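Beneath this line is the structure, given in structure tokens, with notes to follow.
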Amino acid sequence: MDFLKAEIERKKRQLESSQVMAPNKKFFKRGDLAKKQEEEYWRKHNRWKEDKKEDDQCESSKKTEEEPESSQKYTLPRKEVIQRLRERVEPIRLFSETDYEACQRLRKLEILEPEINRGFKNDMKTAMDAVDQEYLDEIVKSQGVEHGANDVKVVEVVTTEDDLKQMTEELGQGDDDRNQEIILQFLKHILYLWGRDLNSRPVEEKRTMKGKLASATHSQTVTYMRTLFRDLKHKKCQSDILECLIEIVKHLLDKNYLRANDAYYEMAIGNAPWPVGVTMVGIHARTGREKIYAKNVAHVLNDEIQRKYIQGLKRLMTHCQRFFPTDPSRMVNYEAVK
């Protein structure tokens, strides 16, 4: 009974404090009580929300007071921060992160891992960017320049028809040093003709997307062939590669591009039963053992450097057909070249 009386007294005090029941009445509506409780709830909630808002404003003001001193030392444009973070395959912004905090995170990553993902580059994109940069530099410069920045760099190689006939007679006669000189001179001559042809285009064609792509392809091929040219110049070309190059260039000089194309594929992917490079298949002699030779190994699979100059050689062979055309029956993809 005492507990029941205490509960009744508590309810009476709650009603008096809420002021729901008028002094001259002995009853009240439940809806009035619910309305009073709702008003009390929202009054407390708004007060807590306003207090939290004031605290947040104080914290943000303190942070802005602290940041300027350090931000003057280490700040980068937002676009630069986004570009560097994407190069490192990092999120450009974390949850609730400010621009200053993202810049500091980038700085920390660059200090801890300075050379991350620097080895994987798209060389075609690099060549395209170089062409675009040259075009922008040409706009900045005066327009009275004879050779614009849209032209590719060309090293002039003087080779006459008599020289080509003499090369055809001397190539493949057993003198490796002379063979390397002839191959080097002929490939540089094709590269020079290709560059001269690109530079003779109209300016409007050079500035189109197709024209930029052609210039970038030439620049990329020059980079690819640099290693092979250096080996040929110093007479250090590998014997198996040199043997294939002699056969390819000999067919090119004879304008037999079908045979040259077959020799190229034999050098690139080989014709051995195991073209990846297997020369020993077990401890016992096999019947097909004599078919596996080092010269039949796929050189394009050896390393990245060989793959690049073998790819560049194929481009030079394609352009050689344009500069020295012959019968359609001796050409590769005659309709495309025409």
Condition test on ARG207, is it farther than 21 Å from CYS320 by Cα and surrounded by fewer than 20 Cβ atoms within 10 Å (Cβ to Cβ)?
yes
Cβ-Cβ distance below 8 Å, separation of 6 or more or different chains: which pairs start in the stretch 79-98 with a residue that is free of Cβ contacts under 8 Å to residues at least 60 places away in the same chain and end on one that is surrounded by fewer than 13 Cβ atoms within 10 Å (Cβ to Cβ)?
LEU85/PRO91; GLU87/ASN117; ARG88/GLU113; ARG88/ASN117; VAL89/ASN117; ILE92/ARG86
Residue pairs qualifying under the 9 Å Cβ cut-off, at least six apart or on distinct chains, with the first in the stretch 151-166 being under 23 Å from MET225 (Cα atoms) and the second being open to solvent by 100 Å² or more (accessible area, probe 1.4 Å), are VAL154/ARG196; GLU156/ARG196
So which residues in the stretch 241-299 are assigned to a helix (DSSP H, G or I), at pLDDT below 60 and open to solvent by 30 Å² or more (accessible area, probe 1.4 Å)?
ARG289, GLU290, LYS291, ALA294, LYS295
Listing of helices (runs of 4 or more DSSP H) fully contained in the stretch 68-185 that carry 2 or more residues being touching a helix residue (DSSP H, G or I) at 6+ places or on another chain (Cβ under 6 Å) and either open to solvent by 70 Å² or more (accessible area, probe 1.4 Å) or at pLDDT 80 or above (or both):
78-87, 99-112, 161-170
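Do the conditions hold for LYS210, that is, is it at pLDDT 90 or above and basic (Lys, Arg)? Spell out the reasoning first.
On the way: at pLDDT 90 or above: no; basic (Lys, Arg): yes.
Here the answer is no, as LYS210 does not meet what is asked.
So, in the stretch 210-230, how many residues would count as being open to solvent by less than 50 Å² (accessible area, probe 1.4 Å) and farther than 13 Å from ASP151 by Cα?
Final tally of qualifying residues: 8.
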LYS236 passes all but one of the listed conditions (1) assigned to a loop (DSSP other than H, G, I, E, B); (2) at pLDDT below 80; (3) surrounded by fewer than 17 Cβ atoms within 10 Å (Cβ to Cβ); the exception is number (2)
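The values are calculated or read from the model by the stated rules, or taken from the named source; none is laboratory data. Everything quoted here is computed from the prediction, not taken from an experiment. For neighbour counting, all protein chains shown are included, and Cβ atoms are generated from backbone atoms with ideal geometry for every residue, glycine included. Remember, those area values only see protein heavy atoms, side chains included, never the ligands or the DNA or RNA. Shrake-Rupley method; radii C 1.70, N 1.55, O 1.52, S 1.80 Å.
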